[in-house]
C-alpha cells in the first residue's frame, strides 16, 4: 500500500468516527433533554439526581447541543446549590473550554 492510499484510508476512518460520535451525541441529547426539562418543570431539589445528570451532561459537553442542556440545568441548579453549580461550571471550563487553555498558557 502506498502512502497516498494509507492517508486516504486514515481520513475515511476519521470521517466514520466523527459520524458515529454525532449519532451518539444525538442519542444522548434525546435521552437527557426530557430529564433536564422534567427536573426543572417539577422543581426538583434532589441534589444527588441533579448532580448525576450534570455529571452525565459534562462528559458530553463538547457537543454544542449537550452544552446547552448543561447550561440550562446549571442555571436552574444555581438557586438550589450555588457552590455546586460553580464547581460544575469550573469543571466544564477545565475539561472543554479552549479559551481557558489559552488563558493558562499566558
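Since every read-out is calculated from the coordinates, none of them should be taken as a lab result. If you're wondering where the values come from, they're calculated on a predicted model, not measured in any experiment. Neighbour counts run over all protein chains shown; Cβ positions are idealised from the backbone, glycine included.
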**Study point:** Ordering of 13-21, 87-95 by burial proxy (mean other Cβ atoms within 10 Å per residue, highest first)
**Key:** 87-95, 13-21
Check your understanding: Which whole-number percent is the relative contact order of the chain (Cα, under 8 Å, 6+ apart)?
Key -> 20
Check your understanding: So, in Å, what gap is there between the alpha-carbon centers of the stretch 65-91 and the stretch 1-54?
Key -> 18
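Once Rh for the chain is found with the Kirkwood sum over Cα pairs, what is the Stokes-Einstein diffusion coefficient at 37 °C and 0.692 mPa s, in µm²/s? Present the calculation step by step, with values, prior to reporting the outcome.
Working: Rh = 15.7 Å.
For these conditions, the coefficient is 209 µm²/s.
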Point to revise | 222 nm mean residue ellipticity, helices alone, for the chain (DSSP H n ≥ 4; -39,500 (n - 2.57); rounded to 500) | key: -28500 deg cm²/dmol
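When only C-alpha pairs under 8 Å and at least 6 residues apart count, what is the relative contact order of the stretch 24-70, in percent? Intermediate values should be presented prior to the final figure.
Values: 25 pairs, mean separation 20.8, N = 47.
Computed value for the stretch 24-70: 44 percent relative contact order.
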